[in-house]
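Heads up, the thing below is written out as structure tokens.
The values are calculated or read from the model by the stated rules, or taken from the named source; none is laboratory data. All values reported here derive from a predicted model rather than from experimental measurement. Neighbour counts run over all protein chains shown; Cβ positions are idealised from the backbone, glycine included. To get the accessible areas, we keep the full protein, side chains included, count just its heavy atoms, and leave off ligands, DNA and RNA. Shrake-Rupley method; radii C 1.70, N 1.55, O 1.52, S 1.80 Å.
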Amino acid sequence: MARSPCDLRLLLLAAAAAFIYIQVRLFVTQSHYADRLAEAERSENQCTSQLKSLIDQVSMQQEKIVALEEIKVRQDEERAHLKILIKDLEKRSVQKLLDNNVVPVAAVVIMACNRPDYLERTVESILKYQTTVASKFPLFISQDGANGAVKRKALEYKQITYMQHVDLEPVQTERPGELTAYYKIAKHYKWALDNLFIKHNFARVIILEDDMEIAPDFFEYFEAAAKLLDNDKTIMAVSSWNDNGQKQFVHDPKALYRSDFFPGLGWMLTKSTWIELSPKWPKAYWDDWVRLKEVHGNRQFIRPEICRTYNFGKHGSSLGQFFEQYLEPIKLNDVHIDWNSEDLSYLGEDKYVTKFGKEVASATPLHGSDAVLKAHNMAEDVRIQYNDQEDFERIARQFGIFEEWKDGIPRTAFKGVVVFRYNSSQRRIFLVSPDSLSQLGV
């Protein structure tokens, strides 16, 4: 059946409409993709710009790293050159000290760190008495760290050899909250003593700290004590310090004692003892380590009744611990003793045990909870027994002496006996443990 012209027109119209719709859809789609392509192009350009910026930053950082490495290399070269200069200066200074063919009694080293004012006070005190015996007691300052003011102050003294310990490694403490200063101090001590004993081959070394003044007979005392150290292997070290050396507890400037407790604070040891200690030197708290029975064994320490050093260091690594109560009232000896004319043979172990045992045994024993009160009313030497550490601390507190113990030993004690003077008089108070008399052979 033939189609009419009207139907053909309708078909053409529908086809045209479909074509127009398709074209519109194609245009819309093309526009959408064109927009997305433009957005992608913008994003690509932005990424390219950011990448270029990052590349520029990396390049700048690389240039800085190269520059820092060059600076480090120069600093390392300068540091190495400085070490060579210091070693050469130290060597020439030591050689100059020893050129006069006098065998030194002991090297004297002042351990310093960051207190130039304290160091000056210490050095000036030492030089008052060291100048006339300089060849016997060559003087060193060993500085830990790079404090410029301390170094400048040390180098002002041409008669003193300067040593510097610089350790850039971070300090690792063994327990949380510990002060790193105690670790640095122990490391410095080992370095300095290794240098003096092993590198410079001194037979003996006296260790002082940068907050000490010395007595007029300081050097004579240590010269006489050197003979004790050489001849009696039961003596580990000689100290110039008495922990109970406060004015009210001392009287006799010639009195010396053996002690099982290491006093420190101005002390002398021999090379043979250092060779023993150096390989096992602790990381921190070196003085308490020396006080351990496993370290000093059956050896004792010599101490004076009246101190030959005075510690004025209120500010330091110990944060002024005990200063006002125990350190500030210390009496520094002001009487010159000719120690080389003194007979110190009584300090030999056997003689001393016999002599000291008789003195303790002859003191009047006091008993009871009011023993301390009774002691105040006595005119002669007295002996008071303590039962244990707690009991000792109670009695010590009443008298005002040091209460502290280390590894089972009270400060200053010999065979458990702590002795001190009563009100600066000749009278002595002996605090004794339950087995002190038997240890003394009494």
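Filter Lys271/Lys351; Lys331/Lys355; Lys72/Lys151; Lys233/Lys355 down to the pairs with a C-alpha to C-alpha distance above 21 Å, please.
Lys271/Lys351; Lys331/Lys355; Lys72/Lys151
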Self-check item: Expected 222 nm ellipticity per residue - DSSP helices of 4 or more, -39500 (n - 2.57), all of the chain, to 500
Solution: -15000 deg cm²/dmol
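Say R0 is 51 Å: what FRET efficiency, to the nearest 0.05, do Lys254 and Lys72 get from their beta-carbon distance?
For Lys254 and Lys72, the calculated efficiency is 0.30.
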Self-check item: Nearest-ten-degree value, helix 116-130 long axis tilted from longest Cα axis of the chain
Solution: 30
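For Lys247, what charge total do you get from the other residues with a beta carbon under 11 Å from its beta carbon, if Lys and Arg give +1 and Asp and Glu give -1? List each step's numbers first, then the result.
Details: positive: Lys331, Arg421; negative: Glu328.
Taking every other residue near Lys247 into account, the sum is +1.
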Practice problem: In whole angstrom, note down how far apart the Cα centers of segment 253-293 and segment 166-234 are. | Solution: 9
Self-check item: Rounded percent of accessible protein surface that carbon and sulfur make up, the chain, 1.4 Å probe
Solution: 55
Quiz prompt | Straight-distance crosslink candidates among aspartates and glutamates, where the alpha carbon sits under 16 Å from Lys358 and sequence neighbours closer than 8 are dropped | solution = Glu349, Asp350, Glu380, Asp381, Asp435
Quiz item: Fully extended, how many nm does the chain gain between Ser424 and Lys233 (0.36 nm per residue separation, minus their Cα-Cα distance)?
Solution: 65.5 nm
Quiz item: When only the heavy atoms of the protein chains count and the probe is 1.4 Å, how do Leu228, Leu11 rank by accessible area, highest first?
Solution: Leu11, Leu228
Quiz item: With the other protein chains left in place, how much accessible area per residue, in square angstrom, belongs to the chain at a 1.4 angstrom probe?
Solution: 54
Quiz item: Mind listing the Cα extents of the chain along all three principal axes, in Å, largest one first?
Solution: 157, 62, 34
Quiz item: Where the eigenvalues come from the Cα gyration tensor of segment 186-259, what are the semi-axes √(5λ) of the equivalent ellipsoid, largest first, in whole Å?
Solution: 25, 17, 12
Exercise. Go through 276-282, 203-209 and give me the packing order, highest mean Cβ count within 10 Å leading.
Key: 203-209, 276-282
Quiz item: Which of Trp339, Leu440, Gly408 sits closest to the plus end of the dipole of segment 324-442, meaning its Cα is farthest towards the positive end, when Lys and Arg get +1 and Asp and Glu get -1 on the C-beta?
Solution: Leu440
Exercise. Read phi for every residue in segment 388-404 and hand back ³J(HN,Hα) as whole Hz from Karplus 6.51 cos²θ - 1.76 cosθ + 1.60, θ = phi - 60°, with x for Gly and Pro.
Key: 7, 4, 4, 5, 4, 4, 5, 5, 4, 5, 5, 7, x, 8, 4, 8, 5
Quiz item: Where does helix 218-231 land angle-wise versus the long Cα axis of the chain, in degrees 0 to 90, nearest 10?
Solution: 90
Quiz prompt | the chain, relative contact order in percent, only Cα pairs under 8 angstrom and at least six apart counted | solution = 14
